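Read the structure below first, then the notes.
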Amino acid sequence: MPSASPIFVAGTGRSGTSRIADIIGQHPLIHRIPMETKFIIDPGGLRDLADALTDRYDPTVGEDALHRLSDFLTVRVPGRRDDRGKTVPELVGEQRYRDAVQQLWPQLIAYTFDEPAPAEGFGNGDRPAGPFEPLSRRRVVPRFFSDRGELLGILRNLVDTMFGGAAADAGKPTWCEKTPFNLLCMEFLWELVPEATIVHIKRHPVSVLASHLAQPWAPSTVDGALAYLKPVYHQWLTWKNTVDLTGRRYIEVKAEDLAADWPGQRRALFERLDVDDFATRSTFESHKLMNRNNQFDDETREFVEEALGKIIPAMGYE
C-alpha cells in the first residue's frame, strides 16, 4: 500500500480534532506535528502573505505582510509553549526552524533600504528626542510574484523543511498538522500542498457549542457561543455546496461514528489515508463524547437547536 500524503486535520474546534490528529500521528508512517503551528492560516501567516505578494500586491501591503510574518515566525511562534512547555521550534528542530526562517527572507524581498527615522517624543530637526534615537529604520521592497505558483513553491519549501524534517527525525515518511480552522482554508492548503489529504472531523453542533462554553478562549454564554460558531458553520457549508471535490483528497468523519465502531471506523480511516490499519493507543469513546448531551435543560437545548436551524441536518445530524 502506498505511503500517506501529508495530512491536515480540520474542524470547528471541540469536535475531536486533537484526538483524531493524535490517532493519525500514532501510525508508524505518519508524524503528528505536536502542536498547532498557527503560521500557515492564521492572520499574518503564509496565507495572508501569499495574497499580499500576488493578487493584493502593492509595496505597502507587501511590506506590512512581511512585517507581520516576521513577527509571527521570530517572536510569536517561538514564544508560545504547549502544555508540556515546548515551542514549535523545539518540536521541529530549533536549528532547522531558524535556518528555514532565515533562508526565507531573501526569496521574498526585492530590495532593502534605510529610511530616516522620524523623531520621537518632543524631538524635531533641531532637538533630537534623546541620546538613543535611531537615525534610520530598515525598509524592504517586497517581491511581486506574477506567478503565484512560484511563491507557493517557496512557502511549500518552508513547510517541507520544518514538517518533513520533523517527520524524518521521528523515522516517518510524512506528517499530520492540526489546526481546527483549516476547515475554512482548504483551498489555500491544497494550493500549498496539492497532494495533501484534509481530514474533517465533525461532531453534533449542539455538543460542539456546549463544549465551547467551557473554553477560556470562547464566549461563555449560549448567545455568545452561537454568535461565534454559526458563521463558522455557514462559511464551511457555503464552500462545501459550491466546490468541486473531484480529484481532491478529502475525508469527512463523525466523532460519534468513530466511537460507535472504533475498530471498523479506524480501519476505514487508515484505508482512505492509503496506509495499513494500525491499533493505536488512543481511541474514540462514546461515554466521553456523550458528556455534553445533558449539559442543557430542555428549554435551552430547544433554543439552541432552533438557533442552529438548518446547520444541524446540513452537518449530517437529525
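Assorted remarks:
- By average C-beta atoms within 10 angstrom, highest first, the peptides 47-55, 17-25, 305-313: 17-25, 47-55, 305-313
- Averaging over all projection directions, the Cα-based convex hull of the stretch 7-59 occupies 4.8 nm² in the image plane.
- The chain: relative contact order as a whole-number percent, Cα under 8 Å and 6+ apart: 28
- Restraint check, Lys38/Lys230; Lys86/Lys230; Lys86/Lys240; Lys178/Lys254; Lys172/Lys230; Lys38/Lys310, Cα-Cα greater than 28 Å: Lys86/Lys230; Lys86/Lys240; Lys172/Lys230; Lys38/Lys310
- Length-normalised contact order of the stretch 188-318 in % [C-alpha pairs under 8 Å, at least 6 apart]: 34
- Projected onto planes of every orientation and averaged, the convex hull of the alpha-carbon atoms in the stretch 167-210 covers 4.4 nm².
- Rounded to whole Å, sorted largest first: equivalent-ellipsoid semi-axes of the chain, Cα gyration tensor: 40, 25, 19
- All-pairs Cα distance distribution in the stretch 18-88, expressed in whole percent, bin size 10 Å: 19, 36, 27, 15, 2
- Stretch in the chain that is longest and holds no chymotrypsin sites (Phe, Trp or Tyr not before Pro) that DSSP places in a loop and that have at most 15 other beta carbons within 10 Å: 1-121
- Cα coordinate range in the stretch 236-318, projected on the principal axes (Å, largest first): 46, 36, 15
Every number here is computed from the coordinates shown, using simple stated rules; none is lab data. Small disclaimer: the values here were computed from a predicted structure and weren't measured. A quick note on method: Cβ atoms are made from the backbone with ideal geometry, for glycine too, and the neighbour counts reach across all protein chains shown.
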